[in-house]
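Trainee: For reference, the structure I am asking about is given below.
Quick note: the coordinates plus some simple rules give every number you see, no bench work behind them. Source: prediction; values computed, not measured. Glycine also receives a Cβ, built like all others from the backbone with ideal geometry; neighbour counts cover every protein chain displayed.
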Amino acid sequence: MTPAAVLFDCDGVLVDSEPVTFRLIQEEFAAHGLSVTVEALKPLFIGHTIAETAVYARAEGAALPEDWPERFYERLCARLAEGTALMPGVPELLDRLDAAGVPYAVGSNGRRIKMEATLGQHPEIWARLKDRLFSGQDLGCPKPAPELYLIAARSLGAAPERCVVMEDTATGARAGIAAGMRVLGYAPEGPNPGLAAVGAEIVHSMADVPARLGL
């Protein structure tokens, strides 16, 4: 059955922002006394907020100032604004959804200012999404709580059980499932046991999504 709406995560699904984010977190932690590899950072950051990542870093000995999350966000948005690519196939997928009359929105744990810094670089995409952006941090309901996706679905007038969520993290997938929605787990780099374990349907390419949606 064609869905009533599709709800996208942002980082790692719509935009390729995570490599830049990991490198900057690594730099920041090192500057405050904590040396950690990018690979070790991934499970600590993906699906979590900057504030949650700061809690981990302090517990491991990083001398982060209290206002570090705010200052980090400013630096991160500036870095991302220098150039953040869309994930492959995003424009074509949105074209298919538009042609089928399926509305869509974005539900991200990142703040709106971060989505503006990344999606805003792509005018045609930004024009479609700018009024459909929902931030778990700004709204006070970050994933894995289901409220973020429920709010996004309500904005589109879509019943949760007829929505499809597209996520690249287990945290986000749990939010979609808890909201009563079908979840596609986007895994462009290959098998993703974490996504599969929480019940997401794995897809490896945006080109595979229309068939999964019955388009």
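Trainee: If you keep only loop residues by DSSP, which GluC sites (Glu not before Pro) in region 115-215 have at most 12 other Cβ atoms within 10 Å of their Cβ?
Mentor: In loop regions of region 115-215 (DSSP not H, G, I, E or B), the sparsely surrounded GluC sites (Glu not before Pro) are 189.
Trainee: Find, among the GluC sites (Glu not before Pro) in region 6-94, those assigned to loop by DSSP (not H, G, I, E, B) with at most 14 other beta-carbon atoms within 10 angstrom.
Mentor: 60, 66, 82
Trainee: Further question: Whole Å is fine, so just give me how far the alpha carbon centre of region 7-80 lies from that of region 92-128.
Mentor: 23
Trainee: Now for a separate question. What Rg and what Dmax come out for region 110-166 when only alpha-carbon atoms are used, in angstroms?
Mentor: Over region 110-166's Cα set, Rg and Dmax evaluate to 12.0, 33 Å.
Trainee: Can you give the Rg to Rh ratio of the chain, both from alpha-carbon atoms, with Rh computed by the Kirkwood formula?
Mentor: Radius of gyration over Kirkwood radius for the chain works out to 0.96.
Trainee: If I stretch the segment between residue 98 and residue 197 completely, what's the gain in nm (0.36 nm per residue apart, minus their alpha carbon distance), one decimal?
Mentor: 32.5 nm
Trainee: State the extension gain, in nm to one decimal, for the chain segment bounded by residue 112 and residue 204, taking 0.36 nm per residue of separation less the distance between their alpha-carbons.
Mentor: 30.4 nm
Trainee: What area, in nm² and to one decimal, does the C-alpha convex hull of region 18-81 cast on average over all directions?
Mentor: Mean projected area of the Cα convex hull: 3.8 nm².
Trainee: Cut-off 10 angstrom, C-alpha nodes, Gaussian network model of the chain. Which of 64, 184, 150 fluctuates the most?
Mentor: Among 64, 184, 150, the largest GNM mean-square fluctuation belongs to 64.
Trainee: Moving to a separate point now. Where a Cα-Cα gap under 18 Å defines reach, which lysines qualify for residue 42, not counting those fewer than 8 residues away within the same chain?
Mentor: Cross-link targets: 143.
Trainee: Quick one: if you stick a label point 7 Å off each Cα along the C-beta vector at residue 23 and residue 63, how many nm between them?
Mentor: 2.8
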